[in-house]
Amino acid sequence: MKREKEFRGISVRLARNYLESLGGTIVDDDAVEGDGWRAELSAEQVAIGPSLELTEVTVAFEADEGFGEEAFEALIEDFSRKAMRAGG
């Protein structure tokens, strides 16, 4: 199973920490592995309007078939909740 999602306004470091809090182990600067799953991280600056740029982190989630589709969806949803940013 594979899924790729983009998140704006977070850093790769923060994404790594979120994945680690979900049971993963940091493999290197751009990868975190858990029991039956792996996430590859990349980042780029994206323009928002004429003068603002944000960091967009792409997380490529991958899981073994034995991990289970429900568990895979829950992992992505849990990460997404952690990565969601709201102004205040």
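The values are calculated or read from the model by the stated rules, or taken from the named source; none is laboratory data. On a predicted model such as this, the values are computed, not experimentally measured, just so you know. With ideal geometry, Cβ positions are generated from the backbone for all residues, glycine too; neighbour counts draw on all protein chains shown. Ligands, DNA and RNA are excluded from the accessible area calculation, which covers all protein heavy atoms including side chains. Shrake-Rupley method; radii C 1.70, N 1.55, O 1.52, S 1.80 Å.
Residues in the range 65-81 carry Karplus couplings, in order, of 4, x, 5, x, 5, 4, 5, 5, 4, 5, 4, 5, 5, 4, 5, 4, 4 Hz; the curve used is 6.51 cos²θ - 1.76 cosθ + 1.60 with θ = phi - 60°, and Gly or Pro positions show x. Ordered by solvent-accessible area of protein heavy atoms (1.4 Å probe), largest first, the residues Thr55, Thr25 come out as Thr25, Thr55.
Only helical DSSP H runs with n ≥ 4 go in: add -39500 (n - 2.57) per run for the chain, normalise by residue count and round the 222 nm mean residue ellipticity to 500 deg cm²/dmol. Write out the running numbers ahead of the final one.
On the way: 2 runs with 25 residues, N = 88.
For the chain, the value works out to -9000 deg cm²/dmol.
Any idea what the dipole of the chain comes to, in debye rounded to 20, about its Cα centre with Lys/Arg Cβ at +1 and Asp/Glu Cβ at -1?
Rounded to the nearest 20 debye, it is 520 debye.
Between the residues Gly24, Gly36, Ala47, the greatest Cα displacement towards the positive end of the dipole of the chain, with unit charges on the Cβ of Lys, Arg, Asp and Glu, is found for Ala47. Measuring only protein heavy atoms, the 1.4 Å probe finds Val46 accessible over about 20 Å².
For the chain, the solvent-accessible area with a 1.4 angstrom probe is 62 square angstrom per residue. Remark: accessible surface ordering of Ser51, Ser80 (largest first) is Ser51, Ser80, probe radius 1.4 Å.
Residue order by solvent-accessible surface for Leu22, Leu52 is Leu52, Leu22, largest first, with ligands and nucleic acids left out and a 1.4 Å probe.
In what sequence, highest mean first, do 12-18, 70-76 appear when ranked by Cβ atoms within 10 angstrom? The partial results should precede the final answer.
Values: 12-18: 18.0, 70-76: 15.9.
Ranking the peptides 12-18, 70-76 by packing returns 12-18, 70-76.
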